[in-house]
1. If we keep just the residues of the stretch 13-43 that are touching a Gly at 6+ places or on another chain (Cβ under 9 Å) and closer than 22 Å to Ala210 by Cα, which is surrounded by the fewest Cβ atoms within 10 Å (Cβ to Cβ)?
2. Taking the stretch 193-240 only, how many residues are touching a Ser or Thr at 6+ places or on another chain (Cβ under 7 Å), among the polar types (S, T, N, Q) and over 16 Å from Gly146 (Cβ atoms)?
3. For the list (1) open to solvent by less than 20 Å² (accessible area, probe 1.4 Å); (2) touching an Asp or Glu at 6+ places or on another chain (Cβ under 9 Å); (3) farther than 20 Å from Gly51 by Cα, I need the number of the one condition that Leu135 fails.
4. When the residues of the stretch 157-178 are filtered to those that are open to solvent by 20 Å² or more (accessible area, probe 1.4 Å) and within 27 Å of Trp49 (Cβ to Cβ), which remaining residue is modelled with the highest pLDDT?
5. State all residues of the stretch 122-131 that are open to solvent by 70 Å² or more (accessible area, probe 1.4 Å) and assigned to a loop (DSSP other than H, G, I, E, B); if no residue qualifies, say none.
6. Among the numbered conditions (1) assigned to a helix (DSSP H, G or I); (2) under 15 Å from Leu3 (Cβ atoms), tell me where Ala215 comes up short.
7. May I ask you to list the residues in the stretch 142-156 that are within 19 Å of Asn258 (Cα to Cα) and open to solvent by 50 Å² or more (accessible area, probe 1.4 Å)?
8. Give the stretch 100-116 a look and list any residue that's surrounded by 14 or more Cβ atoms within 10 Å (Cβ to Cβ), outside any strand (DSSP E or B) and free of Cβ contacts under 8 Å to residues at least 24 places away in the same chain, or say none.
Amino acid sequence: MQLSAAALYIHPIKTCAPLRVSRLEIAADGRVLGDREWAIVDAENGVTWQGSFPRLALLHPAFEGEHLVLRALDRAPVSVSRDGGQPCMVKIWNDVDKRADSFDAFDAGDQAAELLRYLCGAELRLVRLTPAAPLRPTNNQLHLLGRPSMRELDPGLAIERFRANIVLEGEELLPFMEENISSLRWAGGQMTVGERCVRCIMPNVDPLSAEVSPAVGETVAALSAQRYPGGPSYFGVYARAPGGVVLQEGEVLEAELNF
């Protein structure tokens, strides 16, 4: 079955707004370059998320040369270097082993913290993660979602709610069919499609207003229950590509199905 990579996204800061890109590049070590290289931590140096601070959805990061530029509401942009920063340690929750794992990181400075305080009303810090964090075994490399699934859910919802890296489209692609893809191949590479994505409450956050509506998660759960009675709330799938692979927006993909 032929599909296309209809849209590509990275999330420079874990849990903040996505950034649409023209290509996804997988580094030799397996990292998706630019994706989730930064994180927001709380006063205890634990990585936090939109479930605790929905207004993080309003923080829009972008890359300008060797700097990460932060934009939020009516505030002046804040630019931080992609190198340097004060060394620190951060804690990331390991859902497999049910513990917090510690990783080296670099604090982005007080200007970024002031912007976060203005946005969220809390003492938060922006940190740059070292490669060990995105390469941890429990981290999922890529997230895929089909546009027909979004239309089935609610055509009026912004797809950014679901934080996909790759949005799939195709004449033969039916709602939720991405759950039955085993691999994708294209002229420059391939990827293996794996487990289904179990959904948390983040899709309830409107990326434009940061307003929270439980109805979104409830609809996802109801549709998932039709496909997997008694199972978790699934929407989208995870995938993994070898290092050195590049995927361009609009690339034609050959999908292999597992049924």
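1. In this case the residue turns out to be Leu19.
2. Summing the residues that are touching a Ser or Thr at 6+ places or on another chain (Cβ under 7 Å), among the polar types (S, T, N, Q) and over 16 Å from Gly146 (Cβ atoms) in the stretch 193-240 gives 2.
3. (1)
4. Step by step, filter the stretch 157-178, then rank; the result is Phe176.
5. Glu123
6. Here Ala215 meets the rest and fails (2).
7. Result: no residue meets the conditions.
8. The answer is Ala113, and nothing else.
The values are calculated or read from the model by the stated rules, or taken from the named source; none is laboratory data. Quick caveat: nothing in here was measured; it's all calculated off a predicted structure. Positions of Cβ are generated from backbone atoms using ideal geometry, with glycine treated the same way; all protein chains shown enter the neighbour counts. Side chains included, ligands, DNA and RNA excluded: accessible areas come from the protein's heavy atoms. Shrake-Rupley method; radii C 1.70, N 1.55, O 1.52, S 1.80 Å.
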